[in-house]
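First comes the structure, then the notes that go with it.
The values are calculated or read from the model by the stated rules, or taken from the named source; none is laboratory data. Owing to the predicted nature of the structure, the values given are computational and were not obtained by experimental measurement. In this analysis, Cβ positions are derived from the backbone assuming ideal geometry, glycine residues included, and neighbour counts consider all displayed protein chains.
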Amino acid sequence: MVACTGKQQADKEDGGIMAKIENCTNTDSLKAYVDQAKAYAQTLVSEGKIEQAKEFLAKIEPVVKQKAPALATMLTSAESALDKVESAVGETADSTKQAVTDSVGNKIDAAKQTISNKASATVDKATDAVENAAGKASDAVGKAADKTADAVNKATDAVKDKLKAD
């Protein structure tokens, strides 16, 4: 009973194409059923069910070969086309994944470069500020030293003048 339910489910999914092919005795009708099978496989492919389409074609191919060997080549070429579609889908997915990875990597590199540039600019500004402060401090020390030297000279002169006067 389970086998019958499974067969009924398969018939419902593929529109009974498998049963039609298995029970067909007329070559012209068989060709029409093979065309329907290819169309069903194409529908599966358009739904993204490539593997299911390949399994379906592989399941009906032996029956078609037995009944009409000439028609079996139609299924073989359809299976070959599915392999190419599957390969192309895989390559497209791989190249899309690589493009996204490259894009993200480039954005990260750009962000790192921007951060590096800003950090470098901040360090440059800080260095300039320290150098300016050091220069101002040095000038202030120099001026203070000059004033001290002037004061010492004036005091020395005053002492000398006082000693001369005494």
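Numbers for the structure displayed
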{"read-out": "Scan of region 11-26 for residues that are assigned to a helix (DSSP H, G or I) and modelled with pLDDT under 80, ordered by number", "value": "11, 12, 13, 14"}
{"read-out": "Residues located in region 37-55, provided they are in a helix (DSSP H, G or I) and either surrounded by fewer than 16 Cβ atoms within 10 Å (Cβ to Cβ) or in contact with an Asp or Glu (Cβ under 8 Å, 6 or more places away or on another chain) (or both)", "value": "37, 39, 40, 42, 43, 46, 50, 51, 52, 54, 55"}
{"read-out": "Qualifying residue in region 47-58 (condition: under 17 Å from residue 69 (Cβ atoms) and modelled with pLDDT of 80 or more)", "value": "yes"}
